[in-house]
Amino acid sequence: MSCEGKAAERTACGNDMSKLRQANTVAHEKEGREIESMSELTAGKKRFVKRTLSGESPTILIGKGGVSEEVLKEVEKQLEKRKMVKVKLLGMAVKGGETKQIATRIAERTEASLVEVRGHTFMLYRRWKK
């Protein structure tokens, strides 16, 4: 294959990528809100949150009562104040290793990004709303 052929191939691929980006942008605009999921959180931001919260104790403990409205309100309050929160599930709250499922559910309900799950502890991050 000649250089001209490769250049034409790259250009065609580049055009396809720009079409995909445009379609993705249109899809987000149709929703009318920005969704920041775990996959959309940059590696640098994940590193920053992990570094910041690694030495701290969890600020929210979830016990045998499970995830209640009061717990969600407290997570919301701390996310509004600090942008990030560290949560620990006590043994009574976890039934058979479902920490990641509980963390994902809390992240969805609070519109936060799940940064990391380690054992029974997880970290959430949410940008301040403008």
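The values are calculated or read from the model by the stated rules, or taken from the named source; none is laboratory data. It should be emphasised that the depicted structure is a prediction, and the values quoted were computed from it without experimental measurement. Heads up, the Cβs are rebuilt from the backbone with ideal geometry, glycines too, and the neighbour counts pull from every protein chain shown.
Summary of computed values
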| read-out | value |
| --- | --- |
| Filter result for Glu56 (outside any loop (DSSP other than H, G, I, E, B) and out of contact with any Gly (no Cβ under 6 Å at 6 or more places or on another chain)) | no |
| Residue under evaluation Gly55, criteria (1) under 15 Å from the mean Cα position of the chain (by Cα); (2) modelled with pLDDT under 90, criterion not met | (1) |
| Any chance Glu9 is of a type outside the set (Gly, Ala, Ser) and modelled with pLDDT under 65 | yes |
